[in-house]
Each structure stands twice: as C-alpha cells, then as structure tokens.
1. Note the full-extension length gain between W22 and E77 as 0.36 nm times their separation in residues minus their Cα-Cα distance, in nm to one decimal.
2. Arrange the peptides 21-28, 37-44 so that the one whose residues have, on average, the most other Cβ atoms within 10 Å appears first.
3. What FRET efficiency, computed as 1/(1 + (r/R0)^6) with R0 = 22 Å and r the Cβ-Cβ distance, is obtained for D46 and R11, rounded to the nearest 0.05?
4. Just going by the charge dipole of the range 2-75, with Lys and Arg at +1 and Asp and Glu at -1 on Cβ, which of V42, H26, V72 is farthest out on the positive end?
Amino acid sequence: MRFLIVRTDIRAVADGDIAAAWADGHRLRDETTTPEPRRQIVHAEDRDAALLLARALATVGAVRAGKQRVKVLPLIESRPAFRHRPGHTGT
C-alpha cells in the first residue's frame with residue numbers, strides 16, 4: 001500500500017469556536033471541506049518508509065514549535081469507474 005506524508009500549517013482557532021464545537025458536538029475542523037494549507041508532500045511505497053519520512057519531517061523547527069503538523073495518509077488504489085464484463089458488448 002502506498003502512503004502520502006504531508007506537512008501542513010496548523011490553523012489558529014478562537015476559544016469561542018472551540019467551546020461552540022464542543023457544546024454542539026460537531027467537528028471543529030473538517031479536512032474534507034477545508035484542508036489545512038500544505039507545506040510539503042512526500043510519497044512512500046510502504047508503511048515503514050512512510051513512518052521514517054514522517055519522523056524526518058517532524059524534526060523541522062515549525063513542527064517542533066507546534067505551528068505545523070505531519071500527517072501520514074494511506075492511499076487507496078483507485079478502481080476503474082466501469083468494469084469490463086467478458087462477453088458483454090455494452091450497447
């Protein structure tokens with residue numbers, strides 16, 4: 001399985017937003033709609049390589065200072081939108 005290692009900026013959040021999210025029971029940040037700004041992206045072919053690269057990126061000063069974070073994301077192999085069925089012409 002392939003992995004994506006991403007170093008991103010951490011967005012600042014107001015205390016009132018944290019309290020509102022906690023009270024309403026919803027997420028404060030939704031990475032699917034508004035992802036954090038990316039600073040660096042690296043690919044790895046296996047989990048061990050991904051973790052090694054993530055550890056290396058974690059030594060960056062901004063990450064150690066808490067202004068950026070490192071994420072390791074598994075990449076799912078894409079499937080074709082349409083499967084070819086043997087003996088079917090598709091008309």
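1. Numbers: separation 55, 0.36 × 55 = 19.80 nm, distance 3.52 nm.
Taking W22 through E77 to full extension adds about 16.3 nm, to one decimal.
2. Numbers: 21-28: 9.5, 37-44: 13.2.
My ranking of the peptides, most packed first, is 37-44, 21-28.
3. Details: r = 31 Å, r/R0 = 1.39.
My answer for the efficiency is 0.10.
4. After comparing all options, I get V42.
Every read-out reported here was derived from the displayed coordinates using simple, explicitly stated rules and does not represent laboratory data. All figures in this text were calculated on a predicted structure; none of them were measured in a lab. Ideal geometry is used to build each Cβ from the backbone, glycine not excepted, and the neighbour counts take in all protein chains shown.
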